[in-house]
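In what follows, a single structure is set out as structure tokens and then discussed.
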């Protein structure tokens, strides 16, 4: 289930948008991520072909179980790392940017070890 970082970012964005509002369309992703309509369209096509998302006849986008699994994993990493960096005294803007960089590259093993260490479990 290998997916590129950009695909992870799109899936995470769809998850975040779906938490904010009931429906997600490509234009919402364009506005949220600041990417062009053609770029988002190409990405949605790839994600649909790889069965990470489904779209209905009205253009509404939903995550498949496979897509939701990845989106939630990335979102958890992002929120956990951002909050931890902020607790270390990092400015929220910088913490958000750094968490976004780290969330895609860190291994599951390392993330779980960091989480266990921080939470003391």
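Some notes on this structure:
- Looking at 68, 46, just one residue is closer than 17 Å to residue 6 by Cα and crowded, with 17+ Cβ neighbours inside 10 Å, and that residue is 68.
- Per-region count, segment 89-121, residues on the phi < 0 side of the Ramachandran plot, at pLDDT 95 or above and not in a helix (DSSP H, G or I): 2
- In segment 34-59, of all residues being in contact with a strand residue (DSSP E or B) (Cβ under 8 Å, 6 or more places away or on another chain) and either assigned to a strand (DSSP E or B) or in contact (Cβ under 8 Å) with a residue 24 or more places away in the chain (or both), the one that is farthest from residue 78 (Cα to Cα) corresponds to 55.
- Test result for residue 71, modelled with pLDDT of 95 or more, within 14 Å of the chain's Cα centre (by Cα) and assigned to a helix (DSSP H, G or I): yes
- Filter result for residue 31 (assigned to a helix (DSSP H, G or I), at pLDDT 95 or above and over 14 Å from the mean Cα position of the chain (by Cα)): yes
- Filter result for the condition that a residue is in contact with a strand residue (DSSP E or B) (Cβ under 8 Å, 6 or more places away or on another chain), under 30 Å from residue 119 (Cα atoms) and in contact (Cβ under 8 Å) with a residue 12 or more places away in the chain, over 71, 62: 71
The values are calculated or read from the model by the stated rules, or taken from the named source; none is laboratory data. In this text the structure is predicted, and so the values were computed from the model without any measurement. Cβ sites come from the backbone with ideal geometry, for glycine too, and all protein chains shown count toward neighbours.
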